[in-house]
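Notes for the one structure printed next.
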């Protein structure tokens with residue numbers, strides 16, 4: 001391994017450790033904290049769930065601004081400062097709306113961090129080892145994420161008002177992770193002028209049809225995933241009557257352990273396949289997740305826990321595709337732009353899908369919403385398989 005790749009990998013692992021500790025707590029418990037500690041309504045839970053999607057939606061704008069500079073260091077430092085300051089205000093939060101605003105501000109820097117990471121991966125990792133390196137980092141991140149999630153759940157069961165110091169620590173850890181990424185050296189990139197980000201996205205889709213097909217199919221998969229995203233914490237609390245610790249165990253430990261053990265293996269497999277082939281198999285398997293949640297309403301928590309295990313095993317593959325898929329299609333020095341488009345597409349579905357899920361739950365109930373999600377997963381899988389066949393036949 002060349003020296004620059006070795007240094008990048010060490011810092012990438014350090015970033016993953018701190019980022020895992022931070023986001024393990026936020027992503028598994030933020031909605032449950034809002035519901036239990038701040039009496040959030042279903043509508044507020046849905047809006048809170050959309051916080052990361054809003055950050056992703058803004059990614060394409062951030063990246064167009066960042067393209068005017070030869071590296072992304074200053075933006076990553078600003079991102080870390082925003083994460084620390086936002087969670088420093090958590091001690092003044094007493095309402096669900098105030099909590100939602102702070103979480104939204106905390107999540108916004110992800111629209112900067114993720115494209116910058118993609119640029120680093122493309123420039124500093126050999127393409128034959130890229131999936132393996134990212135897989136190992138994902139494994140480390142989720143190991144610490146599940147530990148932090150379960151630990152926070154245990155503490156919150158003692159006193160749910162401890163969410164304030166816990167989230168303050170989350171802000172410090174996330175900020176430190178951003179500073180670590182900012183310290184990674186990359187080759188200076190070509191400066192490009194600011195373009196209307198959405199016009200640029202359409203232009204790239206027209207020029208690169210394979211990338212458009214990948215994003216279209218990924219959008220459909222993500223719609224299935226995010227359709228049930230905001231209703232799961234409500235389902236676990238209202239239907240299965242889970243405590244903080246039990247929610248943390250299911251959404252934290254069980255949802256992440258597969259990523260811990262299988263992400264490096266998945267990354268190694270990904271290095272030998274195109275994104276269409278790889279994604280098709282994972283999306284089909286993931287359809288079992290909502291179906292097992294559906295069954296758990298009648299037959300008990302064991303099936304819900306089994307669903308989270310299935311999700312965990314499958315997401316080991318999905319995470320690799322999510323992080324590296326756009327690089328497969330990107331042009332020279334456009335890796336961050338392509339990833340920002342990918343992230344923005346996830347943001348668009350992240351705004352629409354949770355609202356559709358809330359409407360579906362209200363009108364049709366939990367069971368039909370889970371069934372609809374499973375059907376959409378299978379549709380995305382079939383479309384990925386079709387496009388994989390077209391590439392192989394070409």
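The values are calculated or read from the model by the stated rules, or taken from the named source; none is laboratory data. Owing to the predicted nature of the structure, the values given are computational and were not obtained by experimental measurement. Every residue, glycine among them, receives a Cβ derived from its backbone with ideal geometry; neighbour counts consider all protein chains shown.
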Query - Any hit, segment 375-382, residues being part of a helix (DSSP H, G or I), over 18 Å from residue 233 (Cα atoms) and over 22 Å from the mean Cα position of the chain (by Cα) - result: yes
Query raised in the report: Based on what the data block shows, is residue 141 at negative phi, crowded, with 20+ Cβ neighbours inside 10 Å, within 18 Å of the chain's Cα centre (by Cα) and modelled with pLDDT of 85 or more?
Result: yes
**Report entry** Unique residue being under 20 Å from the mean Cα position of the chain (by Cα) and part of a helix (DSSP H, G or I) when the list is 176, 156
**Finding:** 176
Requested in this report: May I ask you to list the residues in segment 202-244 that are outside any helix (DSSP H, G or I) and free of Cβ contacts under 8 Å to residues at least 24 places away in the same chain?
Outcome: 241
Report summary line: Residue pairs within 8 Å by beta carbon, gap of at least six or interchain, first lying in segment 82-93 and under 17 Å from residue 111 (Cβ atoms), second outside any helix (DSSP H, G or I), listed first then second, are 82/108; 82/109; 83/109
Query raised in the report: If you go through segment 181-201 one residue at a time, do you hit one that is modelled with pLDDT of 85 or more, under 17 Å from the mean Cα position of the chain (by Cα) and assigned to a helix (DSSP H, G or I)?
Result: no
